[in-house]
Amino acid sequence: MLPSAGYALALGLCAFGAVSAQSYTELYRPQFHFTPAKNWMNDPNGLIYHNDVYHLFYQYNPGGTTWGAMSWGHATSKDLIHWEHQPVALLARGFPDAITEMFFSGTAVADVDNTSGFGTNGSTPLVAMYTSYYPQGQELPSGKTVAANQQAQSIAYSLDDGMTWTTYDAGNPVIAEPPAEYADQILEFRDPSVFWHQESGKWVSIVSLAKLHKLLFYTSTDLKTWKFVSEFGPANAVGGVWECPSIFPLPLDGDDQNLKWVAQIGLNPGGPPGVTGSGTQYFVGSFDGTSFIADPESLEQTNWLDYGPDFYAALSFSGLPTDERIDITWMSNWQYAAAIPTDPWRSSMTVPRKLSLATVNGIATVLQQPIVQEQTSTPWRWSSSPAGVTKLNVTGKALDATLSFSKSEATDFGLIVRASADMSQQTRIGYDFTTQELFVNRTSSGEAGFDGSFSSVYYAPLASNDGNITFRALVDWSSVEVFGGDGEVTLTAQIFPSDDSVDAYLFSTDGSTSGVELRAHQVPSTWN
Ligand code: FRU
């Protein structure tokens, strides 16, 4: 029998992986990156800043450490640095016995004018729009019939500032299938990204036709009734499917009068050069409330939001001022996400990254800066760093290091982190002066046997500034995130080094490197 009322999904804190006492000190447990206490996690969902609280929802399997029973996990933060686990927000319907609906990726907004009518007594409803995945064919409470494995777009609302959620069973799914010409795509139609478009006074939602590399644009005045208005793509996609699309405005070069729109899209498989598996591409263009049009320069080449292997399903927060954009991204790769050697959880998020848009080499480029606890550390300086390796005074499994230097004799220069005493284990983060590329080399980083493609080197193009280079590396117990220059390129990679691989070095290959300045310190755990 079908339930007739809305399905209230909040669970007690003790249920399904929320924490009581957590040590967060297991082997490979990230210290300043978000991870669920236990079980599988993939994409960030429903990121929203509301009433001074940041909400992170995420694809979560309450029943195990591989993908399944997809639900929305939930955590909150006051500062984007310390996170508190919350009860599962949307639990797979029928879990754990016979699942009839999973909650795939989506987004959330504050419906401040109560256009949806969900608000009562003047409260602001939060509305989440997500993909319902129905493993079995069935008739829904709304009277709509869905096919086995169908994907459709649904909504849920919260009247207590995001803590508990009720699905809109009287009307779900609100977008049951793609337009008639794409009727054969109902199994690959997902990841709605919803936002309020002030100028046209409408809600806009973007849904991916994953296999066709198309984004479908819908508009609505009440979040319940949606009209298909335009499409974008395919463009610059190399293989795979398009997933988790979103668009947002950013001022170009800090000019509030020159707002550009950025479309970020997950591509899987088909990541950046040298990456096996997933990647995240973006376009810069314009949006008039109906259509997204990419600038011609943005179509000339594929623009990668990150050049590393572990960066997928990037999503930004709703609820922030227009010129403020903060992304959180899943720090894994479908190629091996289910095989990484962590237990009892699988996968981590990147640190939140502040986004801006600047003209770099004549092209509007997304810049990313990490949001982490800032510390002042006294810089070490070398007017000329010797050829070979130089052991550093700083050691540790979690480090924040900023390195600047100038080209002189060496062919490449950079940092070695997470090195074992004999240096047989190490991760190199450096710059190749010959090819003008930033790189992360994880060929000797530690455990890698779980996937044939894992042990690799990843490169990002980074022009020097009059021969001067800067990068910042965030090293955690199982990852490195590298920000080149002003953040115009980033490289994100998981690593699985031994617990006692804690040494750090400078390396300067085939000669010395001049004008070296290093600021580095250990990053304390954010989980205590
Ligand atoms: C992307 C994705 C989404 C989907 C979700 C399911 O990683 O495949 O397209 O909604 O994961 O967990």
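The values are calculated or read from the model by the stated rules, or taken from the named source; none is laboratory data. Keep in mind the model is a prediction, meaning the values are calculated, not measured. All Cβ positions, glycine included, derive from the backbone under ideal geometry; neighbour counts span all protein chains shown. Just so you know, the surface numbers come from the protein's heavy atoms only, side chains and all, with ligands and any DNA or RNA stripped out. Shrake-Rupley method; radii C 1.70, N 1.55, O 1.52, S 1.80 Å.
Points worth noting:
- Taking the 1.4 Å solvent-accessible surface of the stretch 17-173 as the whole, the part contributed by carbon and sulfur is 47%.
- Within the straight-line cut-off of under 25 Å between alpha carbons, the lysines reachable from residue 354 are 78, 260, 397, sequence neighbours fewer than 8 places apart in one chain being disregarded.
- Separation of alpha-carbon centers, the stretch 431-484 and the stretch 272-308, rounded to whole Å: 21 Å
- Surface accessible to a 1.4 Å probe, residue 54 within the full protein complex, Å²: 30 Å²
- Ligands, DNA and RNA left out, the accessible area of the stretch 380-522 computed with a 1.4 Å probe is 44% carbon and sulfur.
- Dipole size of the chain about its Cα centre, with +1 on Lys/Arg Cβ and -1 on Asp/Glu Cβ: approximately 660 debye, rounded to the nearest 20.
- Accessible area in square angstrom per residue, the chain, 1.4 angstrom probe: 36 Å²
- Computed helical MRE - 222 nm, the chain, DSSP H runs ≥ 4 contributing -39500 (n - 2.57), nearest 500: 0 deg cm²/dmol
- Length released on extending from residue 221 to residue 463, taking residue separation times 0.36 nm less the Cα-Cα span: 82.5 nm
- Accessible surface of residue 84, taken over heavy atoms with a 1.4 Å probe and every protein chain present, rounds to 120 Å².
- Cα→Cβ-extended label distance, 7 Å offset, between residue 257 and residue 113, nm: 2.8 nm
- Lysines with Cα under 24 Å of residue 227, excluding same-chain neighbours fewer than 8 positions away: 144, 202, 211, 214
- A straight Cα-to-Cα reach below 24 Å connects residue 407 with the lysines 391, residues fewer than 8 places away in its own chain not being considered.
- Residue 391 accessible area, assembled protein chains, probe 1.4 Å, Å²: 120 Å²
- Exposure rank, largest accessible area first [447, 481, 199; 1.4 Å]: 199, 447, 481
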